Amino acid sequence: MTLMKPYLRGAIHCHSRYSFDSMTPIRAYLREAKKLKLDFVLLTDHDTVRGSIALREAAAKAMPALQVPVAAEYKTDQGDVIAAFLKTEVAARQFDDFVAEVRSQGALLLLPHPYVGHPEPEKLAPHCDLIEVFNARASRRANGKAQDLANLLKKPTYAGPDSHFLRSLSKALIEVEDLGDLRTSLLQGEIRALSPQLSSDWEAGASQLIKAWKTRDAGLAFVKLRGAARRIARTAGLSF
């Protein structure tokens, strides 16, 4: 009789109210994690580990079995990079210094949406431990190029929902072969996506409106609202 390999079910790359473009409360993530029967969540708020620490502390009280590594998605001079299993906030933003600081903490580097927002992803990817080959907010073409890059470098891959709204968390869940430790499992275990789906177009626009409101960027709000109005007008067969 062959025993089934144990797997951990979870999500990598999501955002909460601690990000400048999301309003999702920490408690909502706990409810969704319970509903989706998740074993781990890598909450990767923009430029801060405060969200992951808050979720980790809340989970310790309400869902002690839920693993929540300290993590964040940082904007470096070469584009966004996720650092996970951190001990403290990362200060550096120049990529080489950023890598050195993350490595000094024994943390992992993940490259999200390589072909969105990265001028030269081919130069970043060799320094990263895992590559995101499916991002629910990226195009199929961008995701396909990310998969080709990962194949070329023989890097472990994962799917990420990049969710800014709770309803999108389930768009890209994964299962990771359980090797006894989540960090080790992500580096060495089999990772498989669970029926990944692209998010609806409205989420990206809505998250940018939230960003405009949180950062008081009236110009960004105007651009996004004008774009939305034009899409509505085209749908209705009107000129705008």
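Within region 44-59, residues that are at positive phi reach no partner that is at pLDDT 95 or above and part of a helix (DSSP H, G or I) with beta carbons closer than 9 Å at six or more positions or on different chains. The residues of region 106-127 that are loosely packed, with under 15 Cβ neighbours inside 10 Å and farther than 17 Å from LYS154 by Cα, listed by number, are GLY106, GLY117, PRO119, GLU120. Would you call ASP96 exposed (fewer than 13 other Cβ atoms within 10 Å of the Cβ) and at pLDDT 95 or above? It is true that ASP96 is exposed (fewer than 13 other Cβ atoms within 10 Å of the Cβ) and at pLDDT 95 or above.
Taking the criterion of being under 20 Å from HIS113 (Cα atoms) and among the hydroxyl-bearing types (Ser, Thr, Tyr), the residues of region 157-215 that qualify are THR157, TYR158, SER163, SER168, SER170, SER195, SER199, SER200, SER207.
Within region 1-53, being among the hydrophobic types (A, V, I, L, M, F, W, C), surrounded by 17 or more Cβ atoms within 10 Å (Cβ to Cβ), out of contact with any Leu (no Cβ under 7 Å at 6 or more places or on another chain) and farther than 12 Å from ALA72 by Cβ holds for PHE20, MET23, LEU30. The listed residues are ASP97, ASP80, ASP148, ASP129, and the only one of them that is out of contact with any Leu (no Cβ under 7 Å at 6 or more places or on another chain) and in contact (Cβ under 8 Å) with a residue 12 or more places away in the chain turns out to be ASP80. Taken over region 127-162, the criterion of being aliphatic (A, V, I, L, M) and in a strand (DSSP E or B) is satisfied by LEU130, ILE131, VAL133, ALA159. Return the residue satisfying two criteria in turn: it lies in region 160-193 and is of a type in the set (A, V, I, L, M) and touching an Asp or Glu at 6+ places or on another chain (Cβ under 7 Å), and of such residues it is nearest to LEU111 (Cα to Cα). Step by step, filter region 160-193, then rank; the result is LEU187. Against the definition (within 16 Å of the chain's Cα centre (by Cα), among the β-branched types (Val, Ile, Thr), more than 25 Å from GLU122 (Cα to Cα) and in a loop (DSSP other than H, G, I, E, B)), how does THR88 come out, yes or no? Judged against the criteria, THR88 is not a match. Within region 100-119, the set of residues being assigned to a loop (DSSP other than H, G, I, E, B) and either touching a residue at least 40 places away in the same chain (Cβ under 8 Å) or within 18 Å of TYR18 (Cβ to Cβ) (or both) comprises PRO112, HIS113, HIS118, PRO119. The set of residues in region 172-218 being of a type outside the set (D, E, K, R) and part of a strand (DSSP E or B) consists of LEU173, ILE174, VAL176, ILE191, ALA193, LEU194. Scanning region 60-77 for residues that are touching a residue at least 24 places away in the same chain (Cβ under 8 Å), part of a loop (DSSP other than H, G, I, E, B) and more than 16 Å from the chain's Cα centre (by Cα) returns MET63, ALA65, LEU66.
Results for (1) over 22 Å from ARG17 (Cα atoms); (2) surrounded by 15 or more Cβ atoms within 10 Å (Cβ to Cβ); (3) modelled with pLDDT under 95, shown as yes or no for each residue.
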{"residue": "LEU130", "(1), (2), (3)": "yes, yes, no"}
{"residue": "ARG140", "(1), (2), (3)": "yes, no, no"}
{"residue": "PHE165", "(1), (2), (3)": "no, yes, yes"}
{"residue": "ALA172", "(1), (2), (3)": "no, yes, no"}
{"residue": "GLU177", "(1), (2), (3)": "yes, yes, no"}
{"residue": "LEU186", "(1), (2), (3)": "yes, yes, no"}
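Scanning region 64-94 for residues that are within 19 Å of GLU175 (Cα to Cα) and out of contact with any strand residue (DSSP E or B) (no Cβ under 6 Å at 6 or more places or on another chain) gives ALA65, LEU66. Tell me, please, whether a residue that is charged (D, E, K, R) and over 13 Å from the mean Cα position of the chain (by Cα) can be found in region 5-13. Yes; the residues of region 5-13 include at least one that is charged (D, E, K, R) and over 13 Å from the mean Cα position of the chain (by Cα). I'd like to know if region 158-167 contains one or more residues that are in the same structural domain as LYS35 (by TED's automatic domain parsing), touching a Phe, Trp or Tyr at 6+ places or on another chain (Cβ under 6 Å) and within 21 Å of ALA84 (Cα to Cα). Yes: one or more hits.
The values are calculated or read from the model by the stated rules, or taken from the named source; none is laboratory data. Given the structure is predicted, the values throughout are model-derived calculations rather than measurements. Neighbour counts are summed over all protein chains in view; Cβ atoms, including those assigned to glycine, are modelled from backbone coordinates with ideal geometry.
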